[in-house]
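Here is the structure we will look at, set down as structure tokens.
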Amino acid sequence: MSAKIIDGKAFAATVREKVAGHVSRLREVHGIVPGLAVVLVGDDPASEVYVRNKGKQTLEVGMNSYEHKLPEDTPEADLLALVARLNADPAVHGILVQLPLPDHIDEEKVINSVTPSKDVDGFHILNVGLLATGQKAMVPCTPLGCLMMLRDHHGSLSGLNAVVVGRSNIVGKPMAQLLLRDSCTVTIAHSRTKDLAEVCRGADILVAAVGRAQMIPGDWVKPGATVIDVGINRIPAPEKGEGKSRLVGDVDFDSAVQVAGAITPVPGGVGPMTIACLLANTITACCRAHDLPEPSGLTA
Ligand code: GUN
């Protein structure tokens, strides 16, 4: 039997629609236009594509988008000064500094210079702590998107065995915290985990966020499990022609789809949800800044 394909592209479109509804209400009822500032340092082509898409989608839902592009050799002090200006600007409700930053800049210092209430990435140490202790936090976008899809598919996650493969600060750790908050029994596995295959086979929910192309085969998947594939890896695709490539996840989709109950594809699964959740976080930050009720269904 073949798994249900969880369509992240369609789901992201419904999230953006909800966000656009909240933007209209904020504008018409309260005279507030939510604003998202994105800062890009240097000219990394992948980051430029992300930032362009973020800006485009921000405008499409009716928010203000503020883009700041700084040269690769920008001194750390100049970047910190820009973040300080954005922190103080009441028109800016969300701030995102695109990562990775150039080597001469201390990434942690910059992340922790963003006012926690405007930290729509959820990377600030205060938000990490708030999430870990079950308090009101800004939640990292990719795990938030995964959680939304899981809740939509399962309803309640209570009591399910969840295995998160990957322990990054951006995905693995916050994902585990969110699943724990929804009363899953959570295991964080990683490259040093003993008998990773057996650990994965115990998962009702398997989240793959390791960044290694197709490393999880179908026979590591429990029959009927829900598989969320966060990986985006480019591999050669000679079948498409010489020098061509294609995107694949951390899960071997073709074998896993035969065993799983539901699975996210790559591309078109988790990826589109990340920017949609960034917009959702900006609405959340805006509502909190103005002491308005938070949008339901857009937060963790
Ligand atoms: N670079 C790749 N993904 C992300 C993200 O989610 N946030 C930021 N700030 N930078 C990134």
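The values are calculated or read from the model by the stated rules, or taken from the named source; none is laboratory data. Note that the structure is a prediction, hence the values are computed from the model and not measured. Virtual Cβ from ideal backbone geometry, glycine too; neighbours counted across all protein chains shown. Note: areas computed on protein heavy atoms with side chains; ligands, DNA, RNA excluded. Shrake-Rupley method; radii C 1.70, N 1.55, O 1.52, S 1.80 Å.
What to note about this one:
- Output for segment 92-114, where each listed residue is within 24 Å of the chain's Cα centre (by Cα) and more than 12 Å from the ligand (Cβ to nearest atom): 92, 93, 102, 103, 105, 106, 108, 109, 112, 113
The rows are residues; the columns are (1) out of contact with any strand residue (DSSP E or B) (no Cβ under 6 Å at 6 or more places or on another chain); (2) open to solvent by less than 30 Å² (accessible area, probe 1.4 Å); (3) closer than 22 Å to residue 9 by Cα; (4) not in a helix (DSSP H, G or I).
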{"residue": "243", "(1), (2), (3), (4)": "yes, no, no, yes"}
{"residue": "254", "(1), (2), (3), (4)": "yes, no, yes, no"}
{"residue": "260", "(1), (2), (3), (4)": "no, yes, yes, yes"}
{"residue": "267", "(1), (2), (3), (4)": "no, no, yes, yes"}
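- Only listed residue being modelled with pLDDT of 95 or more, open to solvent by 60 Å² or more (accessible area, probe 1.4 Å), farther than 21 Å from residue 212 by Cβ and more than 16 Å from the ligand (Cβ to nearest atom), chosen from 181, 167: 181
- Segments classed as helices (runs of 4 or more DSSP H), wholly inside segment 116-220, with at least 3 members that are within 17 Å of the chain's Cα centre (by Cα): 125-132, 141-154, 172-181
For (1) more than 16 Å from the ligand (Cβ to nearest atom); (2) touching a residue at least 12 places away in the same chain (Cβ under 8 Å); (3) out of contact with any Leu (no Cβ under 9 Å at 6 or more places or on another chain); (4) open to solvent by 40 Å² or more (accessible area, probe 1.4 Å), each residue gets a yes or a no:
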site: 17; (1), (2), (3), (4): yes, no, yes, yes
site: 24; (1), (2), (3), (4): yes, yes, yes, yes
site: 31; (1), (2), (3), (4): yes, no, yes, yes
site: 41; (1), (2), (3), (4): no, yes, no, no
site: 46; (1), (2), (3), (4): no, no, yes, yes
site: 51; (1), (2), (3), (4): no, yes, no, no
site: 63; (1), (2), (3), (4): yes, yes, no, no
site: 71; (1), (2), (3), (4): yes, yes, yes, yes
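- Residue check, residue 67 open to solvent by 40 Å² or more (accessible area, probe 1.4 Å), within 28 Å of residue 32 (Cα to Cα) and either in contact with a strand residue (DSSP E or B) (Cβ under 7 Å, 6 or more places away or on another chain) or not in a helix (DSSP H, G or I) (or both): yes
- Any hit, segment 77-84, residues being at pLDDT 95 or above and open to solvent by 60 Å² or more (accessible area, probe 1.4 Å): yes
- Residue match in segment 141-152 (condition: in contact with a strand residue (DSSP E or B) (Cβ under 9 Å, 6 or more places away or on another chain) and away from the ligand (no atom under 16 Å from the Cβ)): yes
- Among the candidates 283, 235, residue that is touching a strand residue (DSSP E or B) at 6+ places or on another chain (Cβ under 6 Å), outside any loop (DSSP other than H, G, I, E, B) and either more than 16 Å from the ligand (Cβ to nearest atom) or at pLDDT below 95 (or both): 235
- Within segment 115-138, no residue that is closer than 19 Å to residue 85 by Cβ and modelled with pLDDT of 95 or more sits with its Cβ atom under 7 Å from a residue that is open to solvent by 40 Å² or more (accessible area, probe 1.4 Å) and among the acidic types (Asp, Glu) at 6+ positions apart or across chains.
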